[in-house]
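Structure first, commentary second.
A short reminder: the numbers here are calculations on the coordinates, not readings from a lab. Only a predicted model underlies this, so the values are computations on that prediction, with no experimental measurement involved. Cβ coordinates were reconstructed from backbone atoms using ideal geometry, including for glycine residues, and neighbour counts include every protein chain displayed.
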Amino acid sequence: MADQLYLSLWFPNFRLASLPAALAGVLRQFALIAADGKPKSPFARVHAASTFPIDWTESPTYQRIYVNDARAADTPDTAGSIIETAVAEATEQLHDDCAYEFEMGWALWIPDSDAAEAGFDTAWKLQHTRVKVTGFGPDFDNGAYDANGHIRVDFGLDTPWTFESGSDEDADEESLDPEAAKRIQQNVEKLLAFTLSVEKHCGISSRLLWTESGEPLAEKLIARLQRVN
């Protein structure tokens, strides 16, 4: 069953004033992996930014959606989507009880679920997938950052990394076709590259890759890599 996938990050001696710089650092590492080193790629820019007060039940007090396609290559809106600019604008007024969310994107290999359910070999396509990077004030949602991390990365559903082609787990290894094995490995490598890049360059004190259900994701990823290699 598909599960929501997160990466939580904690920083040493963390203070609210350091949140913008920490957010920009994580976003930059994501952009390097997502854009594959191409600074003009739309994956190198922020797609949307929002500020939420109090908790997730509240409407955002700030929200901006950027246009990053070729038609807007030289517009002010595109310039505003540069990571440092977008973070500075969204966090201009820092509050202890706010969360600051930035939407980015990258391309992952996604299975065609309709084909899998019909019993056919699954077709895979390279698809733009949304990722949210959120920085938490210490009082937002009753101090939820203790569990969520000072910064949390929401990757969406874990299907691109833990895809199972059949309902019978024992038969899954046999039913994993070469195309699926190749695409899963590419997705896992991209996820690990980002995680390791953050650990190396962002000065974090700890990190946790986890799923909403609490299932042991690390074991699932290791098992997947062992199957496809």
Distant-in-sequence amide H partners of Phe140 (H built 1.01 Å from N, under 5 Å): Cys98
Fewest-first sequence of Trp56, Trp10 by Cβ atoms within 10 Å of each Cβ: Trp56, Trp10
Calculated FRET efficiency for the pair Glu58/Leu157, C-beta based, R₀ 35 Å, to 0.05: 0.90
Set of lysines with alpha-carbon distance to Lys38 below 23 Å, sequence-local pairs under 8 removed: Lys125, Lys132, Lys190, Lys200
Modelled FRET efficiency - R0 22 Å, Lys38 with Ala193, Cβ distances, 0.05 increments: 0.90
FRET efficiency for Arg130 and Ala17, using Cβ-Cβ distance with R0 set to 22 Å, rounded to 0.05: 0.15
